[in-house]
1. Hey, any hits in region 437-445 for a residue that's within 15 Å of the chain's Cα centre (by Cα) and more than 18 Å from PRO285 (Cβ to Cβ)?
2. Exactly one condition in (1) more than 24 Å from GLY145 (Cα to Cα); (2) surrounded by fewer than 21 Cβ atoms within 10 Å (Cβ to Cβ); (3) within 16 Å of the ligand (Cβ to nearest atom) is false for GLU307; which is it?
3. Just checking, which of ALA49, ALA59 is of a type in the set (Gly, Ala, Ser) and surrounded by 13 or more Cβ atoms within 10 Å (Cβ to Cβ)?
4. So, of the residues in region 445-460 that are touching a helix residue (DSSP H, G or I) at 6+ places or on another chain (Cβ under 9 Å) and more than 13 Å from the ligand (Cβ to nearest atom), which turns out to be nearest to VAL118 (Cα to Cα)?
5. Can you name the number of the only condition in (1) surrounded by 12 or more Cβ atoms within 10 Å (Cβ to Cβ); (2) among the hydrophobic types (A, V, I, L, M, F, W, C); (3) at pLDDT 95 or above that ALA487 fails?
6. Working only within region 163-210, note down all residues that are within 14 Å of the ligand (Cβ to nearest atom) and acidic (Asp, Glu).
7. From PHE160, PHE111, grab the single residue that is surrounded by 19 or more Cβ atoms within 10 Å (Cβ to Cβ), aromatic (Phe, Trp, Tyr) and more than 15 Å from the ligand (Cβ to nearest atom).
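The values are calculated or read from the model by the stated rules, or taken from the named source; none is laboratory data. Just so you know, these numbers come straight off a predicted model, no measurement behind them. So basically every Cβ, Gly included, is an ideal-geometry build from the backbone, and we count neighbours across all protein chains shown.
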Amino acid sequence: MRQLDHHIAGSGGGAAAARTADIFDPNTGQVQAQVVLGTAADLDRAVAAAQAAQPAWAAINPQRRARVMFRFKELVEANMDALAHLLSSEHGKVIADARGDIQRGLEVIEFACGIPHVLKGDYTQGAGPRIDVYSMRQPIGIGAGITPFNFPAMIPMWMFGVAIACGNAFILKPSERDPSVPVRLAELMQEAGLPEGVLQVVHGDKEMVDAILDHPAIGAVSFVGSSDIAHHVYRRGVAAGKRVQAMGGAKNHGIVMPDADLDQVVADLSGAAFGSAGERCMALPVVVPVGDRTAEALRQKLLPAIEALRVGVSTDAEAHYGPVVNAAHRERVANWIQTGVDEGAELVVDGRGFALQGHEQGFFIGPSLFDHVTPDMQAYKEEIFGPVLQIVRAPDFETAVRLPSEHQYGNGVAIFTRNGHAAREFAARVNVGMVGINVPIPVPVAYHTFGGWKRSGFGDTNQHGVEGVKFWTRIKTVTQRWPDGSALPRGSEDGGPSRVQDAFVIPTME
Ligand code: NAD
């Protein structure tokens, strides 16, 4: 059986690991490999290598750092097929989604190719008499990233692309459920010319995560995962004096106004609610039709669309979505469906009991649809993270704004309407971090920034874009004064110009 090792300064070294975790093939339900689960001692080795490599990496001019990113992008593109298949085989998302996962990460690498421009500092000439002020962004030193299973390529690249381009060394702790692609990405970075020790991958679970949070040499930690863990990471990291950004779970709503194009909405929902088996933090698992007529019409159109969804193995080019990541998660999704039923919601389509012929041991679950879900239900309040769409009927626009605004999560939200005024009001007022207007999955492009509000995001800086650069750098501000030291002292024999000797004053006082 294949055993996946750490990627620490070119050599793994975890071969004698006491603990391992199984990596499944979700299509078959079989264990296909094992990953070592590291300890604080493994992390120490990675940190020592990072400390050795980082100063020289930071001293390389930013244009040359960017060139490594350009080469990495080429290498990932050249290896796209193999990476997408590897990703799909461990995660279970269909190949087209796996390619999208890699592509969205590469877009952050493209942003990182422009790092020299973004890292330029600010300069004020003459902030006072012969006084200039300038500021520069310097790397934190060693950063770490802890990532979830659902985007094993994109989310690591969100983090290491920006952190490394800024001159940091980076230690990645990917999800133990699908860790192979992150290791391949680190190998490709090295092939692209990244010095050994600048990007390393350590595997593990809570033990490794807590070691990262407690390690005094790691200055910044970026986390993406579920909210309770995000909150834990945030508190423990901050208590250890680190900079922490911790993105959490989600329950995104799609508001459907009475004037919306329902055929378009249904087409959008098929992908946004069920694509990738609902295992996306920007999935749209709650739809909020405004008015009962909208709700009835939407429901009627959703039924055949759900019926038409094809669930298949992740390599099936015709499949809309594949299996969920493991058996425990499939059970969790099924339990939430039962909770919804027990709480009195109407289960219109039941995806439990679905089995794919020839793949009965795979982690498949059919699409489910609930109607008459209400805000007091636990099944509404919590994230299900599966192919389950809930209809929550709203009598009016005000209720539709209030529902996502008052929900504990605030990652993404969408409104479907032809009314620009309603859309504009909604975007301005809704208490959520990322808004789509007739866009079901409003993931911002790489040069903007990604981050949710409330329990979807702890900390105050977002992923990638300029916000990412702010997170992975510290600002240093220099106030400089250059008295005229070149001239000869007053009264010297050759009668040269007098030296200007002014007392230092607060720059703005003169
Ligand atoms: P998870 O919270 O189980 O795991 C995330 C990371 O935390 C993994 O690396 C895991 O090894 C580690 N971890 C797990 N348990 C831990 C513990 N007790 N202590 C310390 N670390 C621990 O999340 P997941 O199931 O891999 O991913 C799905 C979740 O991630 C969903 O809630 C989804 O909404 C969320 N997510 C959020 C975003 C976002 O940007 N907001 C993006 C993608 C996924």
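1. yes
2. Failed condition: (3).
3. So the residue among ALA49, ALA59 that is of a type in the set (Gly, Ala, Ser) and surrounded by 13 or more Cβ atoms within 10 Å (Cβ to Cβ) is ALA49.
4. Only one residue fits best here, namely TYR447.
5. Among (1) surrounded by 12 or more Cβ atoms within 10 Å (Cβ to Cβ); (2) among the hydrophobic types (A, V, I, L, M, F, W, C); (3) at pLDDT 95 or above, ALA487 violates only (3).
6. GLU176, ASP178, ASP205, GLU207, ASP210
7. Result: PHE111 is the single residue among PHE160, PHE111 that is surrounded by 19 or more Cβ atoms within 10 Å (Cβ to Cβ), aromatic (Phe, Trp, Tyr) and more than 15 Å from the ligand (Cβ to nearest atom).
Residue-by-condition table, conditions (1) at pLDDT 95 or above; (2) surrounded by fewer than 21 Cβ atoms within 10 Å (Cβ to Cβ); (3) assigned to a loop (DSSP other than H, G, I, E, B):
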site	(1), (2), (3)
VAL181	yes, no, no
GLY204	yes, no, yes
VAL209	yes, no, no
ARG236	yes, yes, no
GLY249	yes, no, yes
